[in-house]
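Notes for the one structure printed next.
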Amino acid sequence: MRRRPRLPRRRAELSDRLILLGVIGRAHGVRGFARVTSHTADPAALTAYGPLSDETGRRFTLRWVGEGIAEVSLVVDDRPVKIAGRSAAERLTNTKLFVERDRLPPPDEPDEYYLADLVGLAAVGADGAPLGVVSAVHDYGAGVSLEIARDNAGSLLIPFTEACVPAVDIAAGRLTVAPPDEIDVPETRTEQAA
């Protein structure tokens, strides 16, 4: 049975990390409403996290006015200011909305975790030999993969399946990787020189 991740670069304190929860899409109508894509398990729950931030630090609040349609407000001096008009809403198209990692609820079960918590974990082989550090988690829709940065060698891209990642220990700060035969794990430059 596969453990259940709750969500999707360096290992940082939880309060330092931002988690992508949604994206403002194209404008809807002439009153400043916008389509919003939510990445939360229940799309309507996106508004429950309070103000969300973009990559520049601007803060936004949302109020759903229809399915996938929101009234967007920019928080200015701790007060929400509604986005007025279609042109203003169009300027927000493709704005990514983030929340600080420590504002997310803890996982419900011991074998659950957020995919973002995998970034920074040490990756070790089945024999315990160090492989590198998880530098990114990718999810392009066909399945999650882990990018493992290695000293003196290229990065590895490993499918995040139970067969390829049989053990994840968040508390210990490591995960076990068993790359499939199709993935050639080249030696590091120091191993090649030896």
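In region 1-32, the residue that is nearest to the chain's Cα centre (by Cα) out of those that are in a strand (DSSP E or B) and modelled with pLDDT of 90 or more is Leu21. Quick one: would you say Arg91 is out of contact with any helix residue (DSSP H, G or I) (no Cβ under 9 Å at 6 or more places or on another chain) and under 30 Å from Val137 (Cα atoms)? Considered against the rule, which asks whether it is out of contact with any helix residue (DSSP H, G or I) (no Cβ under 9 Å at 6 or more places or on another chain) and under 30 Å from Val137 (Cα atoms), Arg91 comes out as yes. Out of curiosity, is Gly132 part of a loop (DSSP other than H, G, I, E, B) and either assigned by TED's automatic domain parsing to the domain that holds Pro166 or among the aromatic types (Phe, Trp, Tyr) (or both)? No; evaluated as a whole, the condition is false for this residue.
When restricted to residues that are closer than 23 Å to Pro106 by Cβ, part of a strand (DSSP E or B) and of a type outside the set (D, E, K, R), region 137-174 contains 5. For region 172-185, the set of residues classified as at pLDDT below 65 and under 15 Å from Glu147 (Cβ atoms) consists of Ile183, Val185, listed by residue number. Of all residues in region 142-156, those that are at pLDDT 90 or above and of a type in the set (A, V, I, L, M) total 3.
The values are calculated or read from the model by the stated rules, or taken from the named source; none is laboratory data. Note that the structure is a prediction, hence the values are computed from the model and not measured. Quick reminder, even Gly has a Cβ in these numbers, built from the backbone with ideal geometry, and neighbours come from all protein chains shown.
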